[in-house]
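Since the structure comes first, as structure tokens, the remarks are kept for the end.
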There are 4 protein chains.
Amino acid sequence: MSTFGTIFQVTTFGESHCAGVGCIVQGVPPRMKLNESDIQAQLDRRKPGQSKLTTLRGEADLVQILSGTEANTTLGTPICLFVPNRDCKPEDYVSMLDIPRPSHADYTYQKKYGIRAASGGGRSSARETIGRVAAGAIAEKWLSECYGIEIIAYVSGIGRIQIPPETESLLKESALKRTQIDQSLVRCPDQKTAELMIHEVEAALNDQDSVGGIITCICRNIPAGIGEPVFDKLEAMLAHAMLSIPATKGFEIGSGFEGTKMRGSQHNDMFTNDASSCNTKLTTKTNNSGGIQGGISNGEPILFRVAFKPPATIGKTQMTCTFDGEPCLLNAKGRHDPCVVPRAVPIVEGMTALVLADQILLQKAKTDNISV
Amino acid sequence: MSTFGTIFQVTTFGESHCAGVGCIVQGVPPRMKLNESDIQAQLDRRKPGQSKLTTLRGEADLVQILSGTEANTTLGTPICLFVPNRDCKPEDYVSMLDIPRPSHADYTYQKKYGIRAASGGGRSSARETIGRVAAGAIAEKWLSECYGIEIIAYVSGIGRIQIPPETESLLKESALKRTQIDQSLVRCPDQKTAELMIHEVEAALNDQDSVGGIITCICRNIPAGIGEPVFDKLEAMLAHAMLSIPATKGFEIGSGFEGTKMRGSQHNDMFTNDASSCNTKLTTKTNNSGGIQGGISNGEPILFRVAFKPPATIGKTQMTCTFDGEPCLLNAKGRHDPCVVPRAVPIVEGMTALVLADQILLQKAKTDNISV
Amino acid sequence: MSTFGTIFQVTTFGESHCAGVGCIVQGVPPRMKLNESDIQAQLDRRKPGQSKLTTLRGEADLVQILSGTEANTTLGTPICLFVPNRDCKPEDYVSMLDIPRPSHADYTYQKKYGIRAASGGGRSSARETIGRVAAGAIAEKWLSECYGIEIIAYVSGIGRIQIPPETESLLKESALKRTQIDQSLVRCPDQKTAELMIHEVEAALNDQDSVGGIITCICRNIPAGIGEPVFDKLEAMLAHAMLSIPATKGFEIGSGFEGTKMRGSQHNDMFTNDASSCNTKLTTKTNNSGGIQGGISNGEPILFRVAFKPPATIGKTQMTCTFDGEPCLLNAKGRHDPCVVPRAVPIVEGMTALVLADQILLQKAKTDNISV
Amino acid sequence: MSTFGTIFQVTTFGESHCAGVGCIVQGVPPRMKLNESDIQAQLDRRKPGQSKLTTLRGEADLVQILSGTEANTTLGTPICLFVPNRDCKPEDYVSMLDIPRPSHADYTYQKKYGIRAASGGGRSSARETIGRVAAGAIAEKWLSECYGIEIIAYVSGIGRIQIPPETESLLKESALKRTQIDQSLVRCPDQKTAELMIHEVEAALNDQDSVGGIITCICRNIPAGIGEPVFDKLEAMLAHAMLSIPATKGFEIGSGFEGTKMRGSQHNDMFTNDASSCNTKLTTKTNNSGGIQGGISNGEPILFRVAFKPPATIGKTQMTCTFDGEPCLLNAKGRHDPCVVPRAVPIVEGMTALVLADQILLQKAKTDNISV
């Protein structure tokens, strides 16, 4: 299924080389102002050709709202969003028809379906994420207007370069905005690290190679009480969402893998009364939990990290074999990113928004006890 | 919802201090031999009181099959499994009624539901996982009988102690069995590391403290073609399943966070013809993908790691505050594990089996193209 | 799947001759008072042996709450309900092992699963409905307490005997209560018709035969705005629910099949201002719509009818054939009802409550616009 | 949700006066030949303006496949289908903005969402069914190619005119084809009855009124073993599907409401060995069950009937009131059918195909026991 969510639900469609890509978004609350420009902003952050560091495929990626609104207002009915595919080059893929690209999805699609899109990656293309980003932008607008929720993702690592831990702690406590993040080509808000990252990407590019990276995401103003306590814990839904993004290899909430090395007495987040609130309102002194305890949000910022592998498609010659098992050298064509994380920032934000909107609507159904 | 899966589907029920815990398992194929002993083995590996390193709560955790079988054979109908709660000590919790335990679920359940179980952790108790392990044991039996699938999890890290990388590489290539893993109290198959881990747990125990850890899981003989390519990628379902286990903080598939530092040319898993097969059968020279490409299994072993935080409940005095915001010292009672990972091994295995069984049944529905 | 509902969700389990039957109910709002006696009342109306007109199987059908409540209060967590099977007589079924009972489920279960319960009907037994009635009783309590909703079903036809249309019109406008309905053995509130119905059942009983019937259901105080407008129209969910009850053959909402003979100008329900309300509140002069327009409740009473076939198991000799195709005479044993509709009244009410509770919770999720 | 089905799943979108209507179809098996003309045939049977008896809205309703196929072959990925809206006349609706049309969905949408499409019926418009018919055509093609399944619906009643029972019995046993059905404007295969029906519709049209009707559906070559035995009985899914079609008021399977008057000994379908089969193959002498026993298909033809009310929108003056409760006379504009059943025939067929395809795929997942 290409469907995500229970109430706020998105279904994406489209191959990289068909008429276009898009989605149907269901469960968007009625009477919300919405037009194309609300959605386009995040699509522009995702689109190819933003800088010298990204793929050269030229796509304006302009979204059309086909249904579900009237007079720029949502009706509560399914919203269909469509983005045409313009700059397809199927001829780039002809030479690779018999060769499953290493660490790409050619081999596994063929095994699953007995057929695969002849060019461009089909559904495994990053173009599929257009529908996610578009739907996520709607979710984000609703979360922002109803709850003041902010979702801010940025690049914290590319290859061997990472934001120093002390710098990252400061960033997490700052009122970081997207404008700051977009000031560097690699969407890293620490300018010094950003420069090193750019060199890292350029070095890979020069070698016709690619490089991986890490995205950190911060969600602020989350009401306490969101998330289902057993199988659909809030961190489980976020992990599901993040690992569904192409090229991801890992997910950490709060203290993550480093937290496994700690003692309980260090790791536990002690409660204290929030002095800034006029009513009694508990807050925690630390946030190793990453804003979630027992699968349910506790009102603190939600903090997580996502690992992205280096893109599989590289220009460098690879020694692999054909579908028939014959050894061969592969010189891949096609226009690909040497590093996906800068363009993946709005995808992480969009998927996060989809999880949060859905879980908040579910909580509305179940109780009147949302403590915003 | 306390429900997981689409076709092979489990719904768990039960608080730690109610009549008992259990589950309904739907979608179990008919005509499979099944009795209580098939399930009990994994419950015994999960149950409390197995060693000096685990909680003292005394529970035999004997499972009863209430429905869905006749003459030790599955009927294809819902299988209800039940394990009574015997050794409840609600009195241990009286002193903590007004104090939300730090990094536990007391505060968030109260915010979500406006009520919570007065003692024992309710649904957030590790006893909820009994239903998962029991259902997982059924899934595992079916996977083993129909596909020869093996799911082997072990403890690869406790606190600062981790199996050395080169040792772990050898382990992954060996024909590791559960009997080897169960030879140490901490379920670490490398005996030298196991001893260090035992000291690490004992040290925490002596300090009335707790410690975190990491579990590695290997799945062998997975047919290629399993997993849905977009939102329900196989790694996304596994991440969802793992992050739904209490106390988990992270998930990595294949190369994981380390893979972000690599170049594509190093990371890509080149194809080659499997010389051990009489037909053409592609295999990969390396397995940084962890057995999954584009969200779909490629036939290589599935490899992942799960991070567990140190248990929140510790005997050590904690400086926190009451629900009313009054600062207080908490000396928690209750009987808890200083480290959950040894007992979490069968939970990781069970949740993995649930994901795989469900995805294989879904693939059966969708195509006849399963290439076992 | 043995699961019904999206948020207020029930999963039933149990064969007629296993340890027992029951269900897990998810999505029950927290902080509602609930104990066994709240559920038992409807189970008593469903249980066998209530009168000379019903099966002789002797079952007290006493329900146990295994989880999900504490101090007679719901926790918002899954509620497991269990009713043991006591009076099984598998020996009654030995002679029928090779013969698929006509119009029963023996043949189709065998075709579907390649196996079937050797005795007592397995999942197709009416005992499966115990879980539905129990879950429905919880739903009904919540609907009554939060919305003042009343669900009243009664028997309007048995065999050739039906309540005269003019009498039924008066009944629908009266403040009919369950106590009135339970005054006759056949649960028909019109005493004169009830007597004729009793004769109809007795005549069938004397002939070792069975007879069908019709149940009418009225739901009052339904808030406007409930139901999903496209595939999950409120009448579609009710039809689904009703046709899932064993032995049902038809469903009509409002004017039903008779309405097909009408002109639009007769059938349309004209709006008028409700003089009994101090605010503007639209009501309709007639209710051919049965309380639903465009799939969404309009605030008028919901009215529908359900057709039940004569029970398939009869004592009378039947000329049929074995599984192997050999002609044979079947003299069925087992203890069965000559007419199911009197005992089906609480099943219809329970399934209706499950639909309404789920749809109201879904509407709470989607909008704040419930106009109670 | 505007979504139907579990594996073979359709999600529709589009209001009557937005850019267009359509759907995403998921779960279509890969490697099936498919192009627009396979879908267009059924859309043409549904489209407006087919005859003097239908609405004058002029729409070619030409479908475009936007994704999911390559070289006229399905890829196993989501298929997006789109039909533009061309002939919108929002001006027809201006005079009705303040008046909820009687027995239409204006009032209930407003109560549910607090907003509604200002013109043309929005989602409650019959144009929404275009997506269903298009998706159903794909399902039907697959059912026909893989199982030889035939789904034939026809009009058996309009107003007071019905096909005589003995004629209908003969029709059900004949090898009725769609070409025969399409020979009359009202899609009634009995020509004598068809003429009377045409007069019935014309009479309503002359009175600026509308009239209801009944559709009968026959499904042949259904494999035994399809359908879930408890809540998702095959007849329950069909009832759900049929009552989700706009304007439906009732559903009967097999003997239906008439069957309630019968004795079990008359109603039971006795088994016999099918002499036309070389292997042992049970068939039933009668088919009061309508091809389904215990919720599961038994291999006999599936037979059911669906009731449609007279269309709510009529030209005749209606005495109703405004949203504000002010009495008023309504003279509705807009272009509407005096009777929906002739155009509803492909909708009934499409929804039936969606149910059958989904249930067959589910059965494939669950067992290898499909006895085609």
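A few points about this structure:
- Residue match in the stretch A:203-215 (condition: more than 8 Å from chain B (Cβ to nearest Cβ), assigned to a helix (DSSP H, G or I) and under 20 Å from the mean Cα position of the chain (by Cα)): no
- Within this structure, D:T6 fails the test of being at the interface with another protein chain (Cβ under 7 Å from one of its Cβ atoms) and more than 19 Å from D:E349 (Cβ to Cβ).
- Remark: pairs (first residue in the stretch B:125-137, more than 10 Å from chain A (Cβ to nearest Cβ); second residue of a type in the set (A, V, I, L, M) and not in a helix (DSSP H, G or I); Cβ separation under 6 Å; 6+ apart in sequence or on different chains) = B:R127/B:V21; B:I130/B:V21; B:I130/B:V83; B:A134/B:V63; B:A134/B:L81; B:A135/B:V10; B:A135/B:V25.
- Here is the figure for the stretch C:6-47: residues that are in a strand (DSSP E or B) and among the charged types (D, E, K, R) total 1.
- Selection of the stretch C:313-355 for residues being among the hydrophobic types (A, V, I, L, M, F, W, C), modelled with pLDDT of 95 or more and touching a helix residue (DSSP H, G or I) at 6+ places or on another chain (Cβ under 6 Å) yields C:C339, C:I347, C:M351, C:A353, C:L354, C:V355.
- The stretch B:48-71, subset loosely packed, with under 14 Cβ neighbours inside 10 Å and over 19 Å from B:G22 (Cα atoms), residue nearest to the other protein chains (Cβ to nearest Cβ): B:A71
- For the stretch C:242-262, filtering for residues that are touching a residue at least 24 places away in the same chain (Cβ under 8 Å) and more than 7 Å from chain D (Cβ to nearest Cβ) leaves 5.
- The one condition from (1) part of a helix (DSSP H, G or I); (2) out of contact with any helix residue (DSSP H, G or I) (no Cβ under 6 Å at 6 or more places or on another chain); (3) under 23 Å from C:P29 (Cβ atoms) that C:G299 does not meet is (1).
- Residues that are touching an Asp or Glu at 6+ places or on another chain (Cβ under 9 Å) and within 7 Å of chain A (Cβ to nearest Cβ) were ranked within the stretch D:13-37; the one that is farthest from C:G295 (Cα to Cα) is D:C18.
- One residue stands out among those in the stretch A:268-280 that are at pLDDT 95 or above and of a type in the set (A, V, I, L, M, F, W, C): the one that is surrounded by the fewest Cβ atoms within 10 Å (Cβ to Cβ), which is A:M270.
- Failed item, numbered, when A:S265 is tested on (1) surrounded by fewer than 24 Cβ atoms within 10 Å (Cβ to Cβ); (2) outside any loop (DSSP other than H, G, I, E, B); (3) more than 7 Å from chain B (Cβ to nearest Cβ): (3)
- Of all residues in the stretch B:72-81, those satisfying the criterion of being surrounded by fewer than 24 Cβ atoms within 10 Å (Cβ to Cβ) and either touching a Ser or Thr at 6+ places or on another chain (Cβ under 7 Å) or touching a residue at least 40 places away in the same chain (Cβ under 8 Å) (or both) are B:T73, B:T74.
- Yes/no for B:R101 being over 18 Å from the mean Cα position of the chain (by Cα) and open to solvent by 20 Å² or more (accessible area, probe 1.4 Å): no
- Conditions (1) within 12 Å of chain B (Cβ to nearest Cβ); (2) open to solvent by 10 Å² or more (accessible area, probe 1.4 Å); (3) in contact (Cβ under 8 Å) with a residue 24 or more places away in the chain; number of the one not met by A:P223: (2)
- The condition of being under 22 Å from the mean Cα position of the chain (by Cα), farther than 21 Å from B:A105 by Cβ and at pLDDT 95 or above holds for only one of A:I245, A:I222, A:I253, that being A:I245.
- Test result for D:Q180, open to solvent by 10 Å² or more (accessible area, probe 1.4 Å), assigned to a helix (DSSP H, G or I) and within 26 Å of D:T54 (Cβ to Cβ): yes
- Some residue of the stretch D:303-310 being more than 30 Å from D:M197 (Cα to Cα), of a type in the set (K, R) and modelled with pLDDT of 95 or more: no
- Residues satisfying the criterion are absent from the stretch D:281-292 (criterion: in contact with a strand residue (DSSP E or B) (Cβ under 9 Å, 6 or more places away or on another chain), open to solvent by 40 Å² or more (accessible area, probe 1.4 Å) and part of a strand (DSSP E or B)).
- Hits in the stretch A:142-166 - residues which are surrounded by fewer than 20 Cβ atoms within 10 Å (Cβ to Cβ), closer than 17 Å to A:L361 by Cα and of a type outside the set (D, E): A:S144, A:C146, A:Y147, A:G148
- Hey, C:E128 modelled with pLDDT of 95 or more, open to solvent by less than 20 Å² (accessible area, probe 1.4 Å) and of a type in the set (D, E) or not: yes
- Output for the stretch B:102-124, where each listed residue is within 7 Å of another protein chain (Cβ to nearest Cβ) and among the small types (G, A, S): B:S103, B:A105, B:G114, B:A117, B:A118, B:G122, B:S124
- Applying the condition of being over 28 Å from C:K364 (Cα atoms) and of a type in the set (K, R) to the stretch C:14-46 and asking which residue is least open to solvent (accessible area, probe 1.4 Å) yields C:R46.
- Residue count for the stretch A:316-332, restricted to those that are within 23 Å of A:I245 (Cα to Cα) and either away from every other protein chain (no Cβ under 12 Å) or charged (D, E, K, R) (or both): 0
- Considering (1) open to solvent by 10 Å² or more (accessible area, probe 1.4 Å); (2) farther than 27 Å from A:F82 by Cβ; (3) touching a residue at least 12 places away in the same chain (Cβ under 8 Å); (4) among the small types (G, A, S), the lone condition that A:S169 does not fulfil carries the number (3).
- Of all residues in the stretch B:46-99, those that are touching a Lys or Arg at 6+ places or on another chain (Cβ under 8 Å) and among the aliphatic types (A, V, I, L, M) total 4.
The values are calculated or read from the model by the stated rules, or taken from the named source; none is laboratory data. Everything numeric in this text was worked out from a predicted model, so none of it was measured. All Cβ positions, even for glycine, are placed from backbone atoms using ideal geometry, and neighbour counts span all protein chains on display. Accessible surface is based on the protein model in full, side chains and every heavy atom, while ligands, DNA and RNA are left aside. Shrake-Rupley method; radii C 1.70, N 1.55, O 1.52, S 1.80 Å.
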